[in-house]
Amino acid sequence: MNQPETIEETVTGIPNGKLGMWVFLSSEVMLFGGFISSYVVLRTGSGFFPIPAKELLGIPLATLNTFVLITSSVTMVLALDAIQKANQKGLIRNLAITILLGFCFLAIKSYEYPHKWHEGITISSNLFGSFYFTLTGLHGLHVIGGIAFNIYILVNAIKGCYTQDHCERVEYAGLYWHFVDLVWVILFPIFYLL
Amino acid sequence: MKKTYLTVFGTLAVLTLLTVGVSYLHLNRAGAITVALLVAGIKVSLIAAFFMHLKFEKKVIHGIFYTALFFVLILLFLIFPDIGLSQ
Amino acid sequence: MQTEHLESHPETFIRKWIFSLDHKTIGLQYMFTSLIFLLFGFSLVLLMRWQLAYPGSALPLIGYYLPDSIAAGGVMHPAGYNALGAMHGTIMIFLGVVPLGVGAFGNYFLPLQIGAKDMAFPRINMTSYWVYFIGGVLMLASFFVPGGAAQSGWTSYVPLSILSPGQTMWLLAMTFLITSSLLGSINFIVTTLNLRAPGLTWSRLPLFVWAQFVTALLLLFAFPVLQAGAILQLLDRIAKTSFFIPSGLIVGGAPVEYAGGGSALLWQHLFWFLAHPEVYVLLLPAMGIVAEILANGTRKPIFGYKEIAGSFCFIGVLSFMVWAHHMFVSGMKTSLSYLFMTTTMIISVPSVAIITCFLLSLKGASIQFKLPMLFALAFLPMFGIGGLTGLPLGFTPTDVYLHDTYYVIGHFHYVVVTGSLIALMGGIYYWFPKMFGRKMNEFWGKIHFWTTIVFMNGIFFPMFIQGLAGVQRRLYDPTVQAHNLVVQPTNVLMTYSAILLMIAQIPFIVNFFVSIFKGEKTEDNPWQATTLEWACPSPPLPHKNFEKIPTVYKGPYEYNVPGEAKDFSPQHLP
């Protein structure tokens with residue numbers, strides 16, 4: 001399992017893993033699409049959808065979190081860039097930073113959640129709270145999944161499993177991680193700024 | 001490539017600051033939504049195109065991914081008139 | 001690499017039959033499990049049918065053995081009837097027909113027909129089966145938890161489903177089933193795109209593969225939306241959110257303890273966004289099988305290959321834009337009804353095109369009435385009835401009258417049972433020699449076929465009459481409404497047809513198991529068919545299928561090519 005798989009010739013020329021990852025991400029688009037569509041239609045159409053005051057939402061902290069996540073995204077892509085140039089150290093360093101930033105995101109979130117509860121915004125308080133905690137919670141689960149995937153890649157990277165020509169799994173982990181980032185980029189304005 | 005990634009990163013950072021800044025201007029509802037969604041759209045496209053290398057991928061991947069986006073839009077735009085406009 | 005590694009080691013029993021990575025074993029696992037679920041789901045409806053024919057009388061023989069959540073003192077009570085109805089729908093669709101059409105036939109024959117060694121991701125394939133299995137077990141277990149099984153129909157309309165007992169288990173089980181379908185569909189899509197044999201271009205793909213590919217795309221794009229809906233409904237139940245609970249909802253004279261503001265219609269939209277594509281998930285694999293059998297039984301190329309493949313794709317795209325025709329009387333905006341009425345009429349065009357092509361394939365053919373061919377031929381008129389009776393439901397003026405009557409039940413049972421299920425049974429007879437190297441008994445197969453067709457019509461045709469007479473669906477006791485009494489005798493007819501249909505399956509079950517061990521041995525290509533699955537041994541070699549990956553030289557249905565010595569010309573021969 002630790003040896004990189006040899007990539008068989010495929011009809012499309014795209015490795016199975018990569019195509020599979022994109023197909024999976026397409027289904028994730030539909031999943032989040034279903035949630036976000038529900039949010040949008042209820043937000044505009046519901047007769048009872050109170051929006052908390054901006055001060056209660058903690059925009060500065062959420063902005064910081066956005067920065068954390070896009071920075072982690074760039075370090076992830078730099079990790080892939082490093083191994084494609086046969087730079088093992090660069091791969092390990094950038095992956096480690098990515099994982100660290102992922103934990104950082106979760107830490108800020110776990111500070112934010114009790115803060116919101118304290119202000120009376122809970123999952124059952126009203127529709128805003130319900131959607132906020134459901135969607136950010138689901139995104140948080142995806143972050144945890146992404147961190148786990150990245151740690152698996154990091155362990156293998158330290159063992160030296162990836163080479164310039166065999167770094168597909170780094171790319172797959174990257175695709176997933178960027179997607180998590182991408183979802184946050186949409187969630188951030190619709191929950192905090194609008 | 002490294003330079004491209006850092007440029008994209010810089011753009012993302014500026015756009016984030018921009019959208020947060022605009023939100024404090026108290027634009028009218030339509031204006032605020034337009035700006036926020038436009039900025040989010042640009043950011044999403046940048047991440048997908050460069051970080052996920054979608055720009056350089058083959059047509060099969062484009063086909064599947066864009067089909068998903070298309071169906072999400074179908075879902076949103078066909079439910080919206082029914083529930084979103086009920087008030 | 002995976003496969004070579006496995007070939008070099010003898011496999012333990014567990015590796016070979018339980019946690020197998022071989023798509024053929026997984027296909028068989030799906031087949032046996034889904035057939036058992038089909039039988040179970042069918043027996044649930046027998047209990048319901050007894051109640052409908054003789055309301056309030058004790059169930060004979062088994063009444064006293066039923067759990068209290070369904071029947072008290074041998075007599076079914078309303079909550080039990082509702083639970084049986086909900087579970088019958090759920091089990092038949094999500095645990096029976098789809099896993100049989102997609103999980104079993106898709107897993108077994110898609111890689112064979114495209115000349116692949118296995119699926120693209122064998123481990124994900126195995127996970128998909130076991131996640132499905134867990135979902136099925138949870139669904140069955142829900143009968144035995146406090147409060148009993150889900151009682152809100154397979155559609156689980158809110159807010160009833162949120163407030164009634166048993167629904168949590170249903171939602172959990174559905175989450176597993178959805179995950180399983182997603183894993184499966186990713187596998188199917190990547191396999192079809194990436195692992196086709198050399199020379200197997202899109203215009204040479206067998207129609208069964210086309211059908212499976214479109215089906216996998218439908219599952220991929222539609223199921224996550226139900227997943228979203230199911231998670232929202234689950235949170236409404238366990239975390240007191242109010243996504244689907246409207247403001248000011250009063251139940252039993254008291255306001256519910258929810259913040260409110262949600263929309264009950266939103267659930268219907270999310271549900272039918274999945275469930276309409278799901279109808280085509282039930283149907284397309286069946287159509288693919290019928291195409292295979294028809295070409296083989298008529299001994300000539302299928303009429304309009306490109307048109308059929310194109311229609312599959314067109315149905316695939318359009319099926320995402322018709323869902324709200326299930327909601328015409330839900331209080332949805334009437335302006336939207338016009339849109340959905342139009343798209344619904346448009347989507348009937350490709351279905352009719354497919355059936356027309358199938359019918360034209362029969363023209364001028366010297367048809368060989370072998371067993372699978374009987375089922376494929378029966379599919380055409382039976383699906384025709386099912387499809388055409390759907391049209392009045394797609395028009396708002398007629399739907400207002402027919403909605404939620406037995407007419408609807410008759411319509412979709414004609415589509416799914418006499419349509420899909422008959423085709424899938426034909427598929428079992430057709431591919432049995434490939435799966436086990438032996439043939440099923442022809443005589444008992446014919447008995448099974450004719451009795452099944454007669455009794456199925458005996459159950460479902462009276463439903464149209466009842467529906468037009470105004471009998472509502474989901475009625476525990478039809479005799480409480482005076483206008484139903486006129487057609488009450490048909491309920492007795494349907495009940496006895498259902499019992500006889502169950503008895504008619506005995507020859508099939510016995511034939512199936514006896515044939516596995518004692519059936520007449522066959523050669524690799526007993527039907528003299530052309531597609532690639534017949535180019536490998538019967539049963540195919542474990543973990544690699546073919547001695548050598550075949551190269552494809554021609555289209556899938558080259559029968560009776562002028563100038564050839566034999567009346568069939570396999571794809572892998574130049």
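The values are calculated or read from the model by the stated rules, or taken from the named source; none is laboratory data. These numbers come from a predicted model, not from an experiment. In this analysis, Cβ positions are derived from the backbone assuming ideal geometry, glycine residues included, and neighbour counts consider all displayed protein chains. Side chains included, ligands, DNA and RNA excluded: accessible areas come from the protein's heavy atoms. Shrake-Rupley method; radii C 1.70, N 1.55, O 1.52, S 1.80 Å.
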**Q.** Dimensions (Å) - chain B, Cα atoms, principal axes, largest first
**A.** 49, 37, 10
Q. Given a cut-off of under 8 Å on Cα pairs at least six residues apart, what relative contact order in percent is computed for chain C?
A. 16
Q: Starting from the Cα-Cα distance between C:ASP524 and C:PHE19, subtract it from 0.36 nm times their residue separation and give me the gain in nm to one decimal.
A: 179.1 nm
Q. Over the range C:256-375, what is the mean sequence separation of C-alpha contacts under 8 Å (at least six apart), divided by residue count, expressed as relative contact order in percent?
A. 38
Q.
Using only alpha-carbon positions, what ratio does the radius of gyration of the range A:58-109 give when scaled by 2.2 N^0.38 Å?
A. 1.26
Q | Accessible area expressed per residue, the protein assembly as shown, with surrounding protein chains retained (probe 1.4 Å, Å²) | A | 37
Q | Net charge of Cβ neighbours under 15 Å - reference A:VAL40; Lys, Arg +1; Asp, Glu -1 | A | +1
Q: Please give the total accessible area that chains A and C bury against each other, computed with a 1.4 Å probe and expressed in Å² to the nearest 100.
A: 2700
Q: Obtain the nm distance between the two label points defined at C:VAL480 and B:LYS3 by a simple spin-label model: each point lies 7 Å from its Cα along the Cα-to-C-beta direction.
A: 7.9
Q. What dipole magnitude, in Debye to the nearest 20, does the protein assembly as shown give about its Cα centre under +1 on Lys/Arg Cβ and -1 on Asp/Glu Cβ?
A. 700
Q: From largest accessible area down, sort A:GLU168, C:GLU523; use a 1.4 Å probe on the protein chains.
A: C:GLU523, A:GLU168
Q) Going through the DSSP H helices of chain C, which span 24 Å or more along their own axis at the Cα atoms while scoring at least -0.5 as a mean Kyte-Doolittle hydropathy? A) C:23-53, C:122-141, C:167-194, C:207-238, C:264-298, C:334-362, C:371-388, C:442-468, C:488-518
(Q) Kirkwood Rh and Cα-based Rg: tell me the resulting Rg over Rh for the range C:204-274, rounded to two decimals. (A) 1.26
Q. For the range B:26-46, which residues drop by 20 square angstrom or more in accessible area between the chain on its own and all protein chains together (1.4 Å probe)?
A. B:ARG29, B:ALA36, B:LEU37, B:ALA40, B:LYS43, B:VAL44
Q) In whole Å and largest first, what semi-axes does the C-alpha gyration tensor of the range C:337-457 yield when each eigenvalue is scaled by 5 and square-rooted? A) 32, 17, 12
**Q.** Heavy-atom accessible area ranking, 1.4 Å probe, most first, across A:VAL155, A:VAL183
**A.** A:VAL155, A:VAL183
Q | For the protein assembly as shown, radius of gyration divided by Kirkwood radius, i.e. Rg to Rh on alpha-carbons | A | 0.97
Q) In the range C:40-134, if every C-alpha pair distance is counted and binned at 5 Å from zero, what percent goes to each bin? A) 3, 12, 18, 17, 10, 9, 9, 8, 6, 5, 3, 0
**Q.** Globularity ratio of the range A:1-143, using Cα Rg and 2.2 N^0.38 Å
**A.** 1.36
Q. If you look at just the Cα atoms of the range C:81-199, how large are its Rg and its Dmax in Å?
A. 16.9, 58
Q. Averaged over A:68-77, how many beta carbons belonging to a partner chain fall within 10 Å of each residue's beta carbon?
A. 5
(Q) Using alpha carbons only, how many angstrom separate the centre of the range A:76-154 from the centre of the range C:310-358? (A) 41
Q.
With unit charges on the beta carbons (Lys and Arg positive, Asp and Glu negative) and the dipole taken about the Cα centre of the range A:61-194, which residue among A:THR136, A:GLY160, A:HIS118 sits farthest to the positive side?
A. A:GLY160
(Q) Tell me the Rg and the Dmax, in Å, that the Cα atoms of chain C produce. (A) 23.8, 81
**Q.** Dimensions in Å of the range C:137-288 - Rg and Dmax from alpha carbons
**A.** 19.1, 69
(Q) Straight-line reach only, C-alpha to C-alpha below 28 angstrom: list the lysines that C:LYS117 could link to, leaving out same-chain residues fewer than 8 apart. (A) A:LYS18, B:LYS58, B:LYS59, C:LYS16, C:LYS24, C:LYS306, C:LYS434, C:LYS439, C:LYS521, C:LYS544, C:LYS548, C:LYS554
Q.
Taking all protein chains in place and a 1.4 Å probe, what share, in percent, of the accessible surface of the range C:258-397 do carbon and sulfur account for?
A. 74
Q. Tell me, Kirkwood radius of the range C:270-334 from alpha-carbon pair distances, in Å?
A. 13.7
